[in-house]
Every structure is written in structure tokens, then in C-alpha cells.
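Notes for the one structure printed next.
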Amino acid sequence: MAKAITKRTENYSQWYLDIVKRAGLADHSQVKGCMVIKPTGFAVWENMKDQLDRMFKETGHVNAYFPLFIPKSFLSREAAHVEGFAKECAVVTHHRLMNDPNGGGVVVDPSAKLEEELIVRPTSETIIWDTYRDWINSYRDLPLLINQWANVVRWEMRTRLFMRTAEFLWQEGHTAHATREEAMEESLRMQQVYADFAEQYMAMPVIRGVKTANERFAGADETYTIESLMQDGKALQAGTSHFLGQNFAKAFDVKFLNKENQQEYVWATSWGVSTRLIGGLIMTHSDDDGLVIPPKLAPTQVVIVPIPKPGPEIAEVAEKLMQALRAQGIRVKFDDDEKNRPGFKFAEHELKGIPVRIGIGKRDLEKGQVEIARRDTKEKQFVPIDGAAAFAAQLLDDIQQNLLQKATKFRDDNITRADHFDDFKAIVNATRPDQTESWGGGFISAHWDGTTETELKIKELTKATIRCIPLDNEQEEGRCILTGKPSNQRVLFAKAY
RNA sequence: CGGGGCGUAGCGCAGUCCGGUUAGCGCACCUGCUUUGGGAGCAGGGGGCCGCAGGUUCGAAUCCUGCCGCCCCGACCA
């Protein structure tokens, strides 16, 4: 092992960075806070995107595209919204460069100042709702179910590859409805779509919940979230779906004529997931040997490694195997690069998280078998050549299931109930050398008196915030963990990304 | 926006305190041979405005001044 990556127990943050870089997912760019998503990382995103897009279409949505630039005046129409984003906006002030008269290269041409500055979208509610005003006249125009795949910019102080970058890729759905009920159903429906995607494709278990007022999206009446737990015991908000009420309709004067020939403001939702999901994927499954990703999202699902060199007999068997696998829609590669030796390839493919590796050597051929290794458990076994393709296909399913089970067990094992504030503090401050050097404490299920004041106080004292109020919460009489005031349900606290 | 750290070959670093041959090491790269079932060995080779700009000096990667960039930690946020 010439080039080991940092162990999780030593430095979790560095471990994450090592994985991202060494697995070839992304690099820091020349621009502060931005990243270059490399082909392998982008392939993961494409797989996510393809599946999500399919699910959006199945729920009746269509794609469209709105401008990157938003007139400054739009952003201030909705008071809470501008409050939420004002601090992190990139602003375009000029539209022309010129040669520096002093010979210093190009400079901004001061005569090309924009009359109204443009904001690089941090999210698109404003420009979309300004457009919807023209699109919506009657109840017959509703519901309007639109999604866009785009990049957005939020000028973050502190960034981390995939988890938080100044520019990131995402999808944002923006829908308009005739009734409050319909909009509410839509926001819950999309939250469910996200939860299904996370569990079935990312093998990442999530808790569906609703955000507290304090954690709510700027401009929303209600924010629904899917929350997941990373290996270091910190929570990740993996996706959000917002019930926007009539806030944007009122701010942008979007009305429709109902069946009774009366003007009404429309009801809205918006929902999004981003490249941040890739960060969540990494931190849910990967280990000290490198990236581990679920087969359904892996750019390459099976790699075939010839041992030692790809002689004609080996290549022939590999070719047949590849055909059989491709016939089942499996993404397979034959690593016949003669530059590296098998040992190097084994380590490299594990580092890059390819779920299944098939080794074919001369000895194997004599016995009519191949060696099949799975990335998640590192188990290897010999399988007859004839049954190898079917075995590998089944193994991919097993790995997908195993990853979800393992992550679910980890998540469930790390939801702790606390009834006294001392216990609460002990849980968030606990060190777990068997886990990670910066153990976050996992989820804590505790009673809360429902006030923002108490929530902020707990955050101040422990750094833990309320991640969500689970939707399927059982009602239970209790007393607030901090104030002792009566409460009728537990909420989930955690330190969060 | 505060605190810390780092800019020397594609990557990772040493050298900087205490100025002085031709700036060095590992990995990667190129050529050849031997190898190949868990990160190969030997031999030969290519690659540097030492972050940028000034200054001090006979002489600067090294000292001084200014600037730029990035990373990590904290506050804020998806």
C-alpha cells in the first residue's frame, strides 16, 4: 500500500478530501470556492440526474430553463427571501472589458456600467415567478409543473468539495397550483420522490420531516426535508421541498381566474437537490480503502482484470463476459491496460469504488472459473465461467441491498433518546475513537417546547440544531429538554453539515 | 469575516532560521530489459520565471516591503 488515504479515525475531513481527489471525482478549481467536477464524478451526477429526471417526468413535470441572471429588483420583492440570500450573492455590474491604458492587461470598462445590476441566481424563485405571471391566467393553466436543471451561485465563506461550493449544480422544481391543498400535496409528493430516490438508488436512508420555523427556507411557509446521517455522526440535509403558500404569487402578482370567475393568488411549491448528494453518497458508504458507491449509481459497475496479461484466451473469455453483462444493461469495463500490474489495478479499482471486480487468470481458465470480488465487503470467490455473468448481476443487487441495510443500521443505532439536558450534552460531546476523530453524536430524539428561542439556545450551548420534526412522529407527552415546558412530541437534533 | 497554515517539476515535499557551485528527493512521465494471482525491479532519460512585484546585496528560493492565491479551523449557510 504505497499511497494509503487518511483513515477516518485519524482525520475524517481529510479522509473525505482524499476520497474525492484520489477517486477522481473532483478537484479544487483555480477559482476560490469552486470545483472542477471530473469525468468520474460527473458520471455519478449524470446517473443521479437521469433517474431523478425520470421520476420527475413520471410525476407529471416538464423541464424548462430560466436565465442565470436576475435583475436586482426582483430579489427584493419577497422580504424573507431577500433576507435569506442577500449576504451571499454574486453581482454583475458591468458588461464590457477594455485594454488597460497603463498596459496591465484587461480592466473593467467604467463606461459599461449596467443601469440595473444583475444577480447571479442563488435560486430562481424570483425570475420564475416573474415569468409565471404571464403564463398563468386561468385555472385551466394550472397546475404548472416545471423543473429546471441548472447551476446556481451562493458566495460561501467556507467551502468543501461537493458539500458546499460557491457554484453548484442542482435541479429546482417550481410549481403553481389552484389550491392550498394541491400545493401542499405537491410538496409532500416531491419530498417522497426524494426519499425514494435516496433509499432505492443512493442506498442512503433518510428521515422525512418538516423544518422548524428557524430552519425553514427563506420565503416558504413550510419546508419539508429528507435528513440523513453521515458516518461521522453529523446530519446532512439531503433535499428539501417547500410549500411556498401564496408568498411569491403575492410578491409577483400572479393571479388566476377560478371557475367562479374570481381572481385568486396561486399556490406554490419549490424543491431541489444538488451535487451535494454526491458528498452524502461518499460519506454514507465509503471506507478507509476508498470510495464505495451503490451499483445503481456507479459509473462502472463491473471491471474485468486480466491476470497477468490479456492473452488471447483471457481476452476471449472477458469479451464473452462483457457481452453477457451488457445484455443485462450492466456497465462493464475491461482493464487491459498493460502498463499496470494486477495488484495495482485491484487497489485502484477499490479506491474508485467499482462495485464488482472479476479477475481472470491462466490458472482460472484451466479450472474453468473466474474470481469475483465485491467492493463493499471485500469478499472474493471463484465462480464457474458459465455462471459468472449471472452471478455478477445478482451480486450487484446484493451489494445495493447490503449498502442500504448497513447504512440503515448505522443510522438507527445512532438515534438516541435524551430526556435530560445533561444527557443531551453528553451525547453531542461524546468522542468515539472507534468511529471518527470528529464524532458528531448522531441524531438525538428529544422533547422541545416549540419556540425558536429555545432552539437557538440549545444551538448556542451544544452546536446541535433541530434537523426536523419527523412526519411519522408518534405523539407523546413530555417536557422540553431545556426549559421543561410541556411538549407533545420529540424532534430530532444533530450537529449538521 | 476572524484564527492558523501553505505557495519550489504533473503530484507530494526538503532546502529558507544562518544569502554563496549547476536547486534536491519521492511518486508520476519517457526508453529498454526482466517481471506480472494484492500498489514490481534494474538501468538510462526528460521536465523548474523557487506564487507575483519592488527593494537590499558583488550575489536572493533564502533577507526586507507590498500584493495575490489556495487549504484547514471557527461564525454563517444547502
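Remarks
- A single entry from A:R331, A:R363, A:R357, A:R326 fulfils the requirement of being within 24 Å of the chain's Cα centre (by Cα) and assigned by TED's automatic domain parsing to the domain that holds A:Q394: A:R331.
Quick grid of which residues meet (1) of a type in the set (A, V, I, L, M); (2) surrounded by fewer than 22 Cβ atoms within 10 Å (Cβ to Cβ); (3) within 14 Å of RNA strand B (Cβ to nearest atom):
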| site | (1), (2), (3) |
| --- | --- |
| A:T165 | no, no, yes |
| A:R189 | no, yes, no |
| A:Y194 | no, no, yes |
| A:E199 | no, yes, no |
| A:A213 | yes, yes, yes |
| A:T225 | no, no, yes |
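- A:A176, sole failed condition from (1) farther than 17 Å from A:T59 by Cβ; (2) touching a residue at least 60 places away in the same chain (Cβ under 8 Å); (3) not in a helix (DSSP H, G or I): (1)
- Residues that are among the polar types (S, T, N, Q) and either over 13 Å from the mean Cα position of the chain (by Cα) or over 24 Å from A:K296 (Cβ atoms) (or both) within segment A:146-190 comprise A:N147, A:Q148, A:N151, A:T159, A:T165, A:T175, A:T179, A:S187, listed in sequence order.
- A:Q328 falls short on exactly one of the conditions (1) polar (S, T, N, Q); (2) over 21 Å from A:I19 (Cα atoms); (3) crowded, with 16+ Cβ neighbours inside 10 Å, and that condition is (3).
For every residue, the table says whether it meets (1) assigned to a loop (DSSP other than H, G, I, E, B); (2) within 7 Å of RNA strand B (Cβ to nearest atom); (3) among the hydrophobic types (A, V, I, L, M, F, W, C).
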site: A:I314; (1), (2), (3): no, no, yes
site: A:A324; (1), (2), (3): no, no, yes
site: A:G329; (1), (2), (3): yes, no, no
site: A:I354; (1), (2), (3): yes, no, yes
site: A:A373; (1), (2), (3): no, yes, yes
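- Residues in segment A:424-439 that are at pLDDT 90 or above and closer than 16 Å to A:Q14 by Cα: there are none.
- Flag for A:F443 being under 24 Å from A:H285 (Cα atoms) and buried (at least 19 other Cβ atoms within 10 Å of the Cβ): yes
- Yes/no for A:F56 being buried (at least 19 other Cβ atoms within 10 Å of the Cβ), near RNA strand B (Cβ under 10 Å from one of its atoms), in the same structural domain as A:M157 (by TED's automatic domain parsing) and more than 20 Å from A:K352 (Cβ to Cβ): no
- Residue within segment A:124-140 that is at pLDDT 90 or above, within 18 Å of A:F217 (Cβ to Cβ) and in a loop (DSSP other than H, G, I, E, B) present: yes
Residue-by-condition table, conditions (1) closer than 18 Å to A:A203 by Cβ; (2) of a type in the set (V, I, T); (3) modelled with pLDDT under 95:
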residue: A:Y265; (1), (2), (3): no, no, no
residue: A:T269; (1), (2), (3): no, yes, no
residue: A:G272; (1), (2), (3): no, no, no
residue: A:L281; (1), (2), (3): yes, no, no
residue: A:P294; (1), (2), (3): yes, no, no
residue: A:L297; (1), (2), (3): yes, no, no
residue: A:K309; (1), (2), (3): no, no, yes
residue: A:G329; (1), (2), (3): no, no, no
residue: A:V332; (1), (2), (3): no, yes, no
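- Exactly one residue out of A:I399, A:I360 is within 18 Å of A:L281 (Cβ to Cβ), within 16 Å of RNA strand B (Cβ to nearest atom) and not charged (D, E, K, R), and it is A:I399.
- Within segment A:333-352, tally of residues that are more than 10 Å from RNA strand B (Cβ to nearest atom) and part of a loop (DSSP other than H, G, I, E, B): 2
- Of all residues making up segment A:288-312, the number that are in contact (Cβ under 8 Å) with a residue 40 or more places away in the chain, among the charged types (D, E, K, R) and within 16 Å of RNA strand B (Cβ to nearest atom): 2
- Members of segment A:1-42 that are more than 19 Å from A:E167 (Cα to Cα), without any contact (Cβ under 8 Å) to a residue 40 or more places away in the chain and outside any loop (DSSP other than H, G, I, E, B): A:Q14, A:D18
- A residue that is free of Cβ contacts under 8 Å to residues at least 60 places away in the same chain, part of a loop (DSSP other than H, G, I, E, B) and closer than 20 Å to A:A195 by Cβ occurs nowhere in segment A:436-456.
- Single residue of A:D412, A:D419 found to be part of a loop (DSSP other than H, G, I, E, B) and modelled with pLDDT of 95 or more: A:D419
The values are calculated or read from the model by the stated rules, or taken from the named source; none is laboratory data. What you are looking at is a predicted structure, and each value in this text was computed from that prediction instead of being measured. Virtual Cβ from ideal backbone geometry, glycine too; neighbours counted across all protein chains shown.
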